[in-house]
């Protein structure tokens, strides 16, 4: 199926990507080609087939509700682009 | 230089014929001397390696330690390594220092492995040629103008060229087996759930599985025996005992039933590659195995199914990269949404962005049933084909990749052509099965891989057939010549 520029702009917004004009034009072609590939599946008869979410026939395990992690905030925040006083800094959200 | 298996190195270490420090120093020297031609490493951790080697030597001197104690090893840069930069081949994580070790890293370190560094890979493991890495493509040591395959291309090239005897990889759609085939080494992916995914940067959570790239199936058995096992921190870790793979590989092939699906030999397969695989099947027959035809009628659905399931899961997993808590942050953002969008646009490369777009689309309102749900049903059809086949045979055999190594740049303009390169490996991930690629000869001077696939948690059968094949053949010991690498490094030095 062929995508339009409007489709591409909407998907880019959902994916939180700042797609450029030139790239959007490229997506119209290449994503449409990928969709042509995956569209082959529409012809397949899957009536009555149970969807397979993942390979193991298992139920989700539960663990006891106990604290298992130690406080490593400083250690972990060393990877933050901008942090101060234990908080992550971002551009102002509320004027 | 001479390539050595970890089985042989382990024996030499325990006999005190060589020290771990000597092996680590040799690996570091090989990397310094030759990796300029390959670009197989992103980060080399020389100091940590020598410290770990000395610790291993002290254990060995006390008569302690096991088969892996003191063996140098490299990690695909998708495994978190505490205190060491872990990039996943992406600008997004170019400065990320992992605050913890992946479970696989913990386990091999406990077994005495000496980590030498982190290998190059396709960005977030999304690629089949190692060309999507932010750190540049890896070159195939058999022909430096060709791709080593991907996404574990750095691990593959490093082992093939003898920089290191073994390295880890991850396999979401063929990312261990295909590069192993393209550089002429052994690449083993255990069943989904066998090795903990904890600390392995996620691509597609229902498909991702850790494994190894080695010179032999015996080495793969030794490593996976130590890496595998239940881990509470991975919600899909299999709570099953780990068989003694390194012992099981010794069994005779007499009476083993090997299934060959005609769907693996359709026109897309290069004629010479097909011939090499058929010759390998004849070798297995001569060892007492019985080769029978089995059918995988839905195999052709694998590529379209994968290119819905994997991007969908990736678009969800990679939502965590927002420029706030870790990873790349764009300058000059005016709002929080602007920060997200610019950071992600700048931090991810073109192929990752393309897959995030695809995944977001197939999960979006109005399309979920037509794409994602339909793909999950097709996935069940593919898995059911394998279950039916494994009622009749112990192992399924076929080619690993449709062609030998292709040229760098040859497929980068057409994502669909690149995706079709994974046609024989992807179904194995969709069904969650173990698979191995072993070298089985050459086509036009380039290595060809034989793929062996087992039933879920049937790693022993796969490793057994691969090992017995390697006892009867010597394709796995064919090393690429070193001279072109030396010349390429020298030429680079001159052009500087």
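The values are calculated or read from the model by the stated rules, or taken from the named source; none is laboratory data. Because the structure is predicted, anything quoted here is derived from the model rather than measured. A quick note on method: Cβ atoms are made from the backbone with ideal geometry, for glycine too, and the neighbour counts reach across all protein chains shown.
Mind checking which residues of segment B:288-307 are surrounded by fewer than 20 Cβ atoms within 10 Å (Cβ to Cβ) and either more than 11 Å from residue B:258 (Cβ to Cβ) or in contact with a helix residue (DSSP H, G or I) (Cβ under 6 Å, 6 or more places away or on another chain) (or both)? B:291, B:295, B:297, B:300 - these are the residues of segment B:288-307 that are surrounded by fewer than 20 Cβ atoms within 10 Å (Cβ to Cβ) and either more than 11 Å from residue B:258 (Cβ to Cβ) or in contact with a helix residue (DSSP H, G or I) (Cβ under 6 Å, 6 or more places away or on another chain) (or both). Taking the conditions (1) assigned to a loop (DSSP other than H, G, I, E, B); (2) free of Cβ contacts under 8 Å to residues at least 24 places away in the same chain; (3) in contact with a helix residue (DSSP H, G or I) (Cβ under 6 Å, 6 or more places away or on another chain) in turn, residue B:241 satisfies each one other than (3). If we scan segment A:39-58, do we find a residue that is free of Cβ contacts under 8 Å to residues at least 60 places away in the same chain, loosely packed, with under 10 Cβ neighbours inside 10 Å, within 8 Å of another protein chain (Cβ to nearest Cβ) and assigned to a loop (DSSP other than H, G, I, E, B)? Checked segment A:39-58: at least one residue is free of Cβ contacts under 8 Å to residues at least 60 places away in the same chain, loosely packed, with under 10 Cβ neighbours inside 10 Å, within 8 Å of another protein chain (Cβ to nearest Cβ) and assigned to a loop (DSSP other than H, G, I, E, B). Residue B:53 meets all of the listed conditions (1) over 30 Å from residue B:467 (Cα atoms); (2) over 20 Å from the mean Cα position of the chain (by Cα); (3) in contact (Cβ under 8 Å) with a residue 60 or more places away in the chain but one, namely (1).
Taking the criterion of being part of a loop (DSSP other than H, G, I, E, B) and either at pLDDT 95 or above or at the interface with chain A (Cβ under 7 Å from one of its Cβ atoms) (or both), the residues of segment B:339-366 that qualify are B:348, B:349, B:364. Residue pairs whose Cβ atoms lie under 6 Å apart, sitting 6 or more positions apart in sequence or on different chains, and linking a residue in segment B:185-199 that is away from every other protein chain (no Cβ under 12 Å) and on the phi > 0 side of the Ramachandran plot to a partner that is assigned to a loop (DSSP other than H, G, I, E, B) and surrounded by 24 or more Cβ atoms within 10 Å (Cβ to Cβ), are B:199/B:102. Scanning segment B:416-451 for residues that are over 21 Å from residue B:146 (Cα atoms) and out of contact with any strand residue (DSSP E or B) (no Cβ under 6 Å at 6 or more places or on another chain) turns up B:426, B:427, B:429, B:430, B:431, B:432, B:434.
Identification of helices (runs of 4 or more DSSP H) wholly contained in segment B:408-478 with 1 or more residues that are within 14 Å of another protein chain (Cβ to nearest Cβ) and either surrounded by fewer than 19 Cβ atoms within 10 Å (Cβ to Cβ) or more than 18 Å from the chain's Cα centre (by Cα) (or both) yields B:415-420. Show the residue pairs meeting these rules: Cβ distance below 6 Å; 6+ apart or different chains; first residue within segment B:27-44 and within 20 Å of residue B:148 (Cα to Cα); second residue modelled with pLDDT under 95. Qualifying pairs under 6 Å: B:36/B:492.
Screening segment B:372-407 for residues that are touching a strand residue (DSSP E or B) at 6+ places or on another chain (Cβ under 9 Å) and within 14 Å of another protein chain (Cβ to nearest Cβ) and picking the one that is nearest to residue B:302 (Cα to Cα) gives B:386.
Looking only at segment A:59-95, residues that are touching a helix residue (DSSP H, G or I) at 6+ places or on another chain (Cβ under 8 Å), in a loop (DSSP other than H, G, I, E, B) and at the interface with chain B (Cβ under 9 Å from one of its Cβ atoms) come to 3 in all. As a summary of the residue check, residue B:255 satisfies the conditions (1) within 30 Å of residue B:348 (Cα to Cα); (2) part of a loop (DSSP other than H, G, I, E, B) except for the one numbered (1). Only residues that are more than 14 Å from chain A (Cβ to nearest Cβ) and loosely packed, with under 13 Cβ neighbours inside 10 Å were counted across segment B:215-261, and they come to 7. For segment A:25-38, a residue qualifies if it is in contact with a helix residue (DSSP H, G or I) (Cβ under 7 Å, 6 or more places away or on another chain) and more than 7 Å from chain B (Cβ to nearest Cβ), and exactly one does: A:28. Quick one: would you say residue B:173 is surrounded by fewer than 24 Cβ atoms within 10 Å (Cβ to Cβ) and modelled with pLDDT of 95 or more? Judged against the criteria, residue B:173 is not a match.
The condition (being assigned to a loop (DSSP other than H, G, I, E, B), within 8 Å of another protein chain (Cβ to nearest Cβ), free of Cβ contacts under 8 Å to residues at least 60 places away in the same chain and in contact with a strand residue (DSSP E or B) (Cβ under 7 Å, 6 or more places away or on another chain)) is satisfied by just one residue among B:329, B:325: B:325.
Of the residues making up segment B:76-86, none is assigned to a helix (DSSP H, G or I) and out of contact with any strand residue (DSSP E or B) (no Cβ under 6 Å at 6 or more places or on another chain).
Under the condition of being surrounded by 14 or more Cβ atoms within 10 Å (Cβ to Cβ) and not in a helix (DSSP H, G or I), the residues counted in segment B:479-496 number 3. Filtering B:174, B:136 for residues that are part of a loop (DSSP other than H, G, I, E, B) and closer than 23 Å to residue B:32 by Cβ leaves a single hit, B:136.
Scanning segment B:210-238 for residues that are farther than 22 Å from residue B:164 by Cα and in contact with a helix residue (DSSP H, G or I) (Cβ under 9 Å, 6 or more places away or on another chain) yields B:229, B:231, B:233, B:234, B:237. Taking the numbered list (1) at pLDDT below 95; (2) at the interface with chain A (Cβ under 7 Å from one of its Cβ atoms); (3) more than 23 Å from residue B:94 (Cβ to Cβ) in turn, residue B:369 passes all entries but (2).
Residue count for segment B:112-149 under the criterion of being in contact with a helix residue (DSSP H, G or I) (Cβ under 6 Å, 6 or more places away or on another chain), over 28 Å from residue B:9 (Cβ atoms) and surrounded by fewer than 24 Cβ atoms within 10 Å (Cβ to Cβ): the result is 1.
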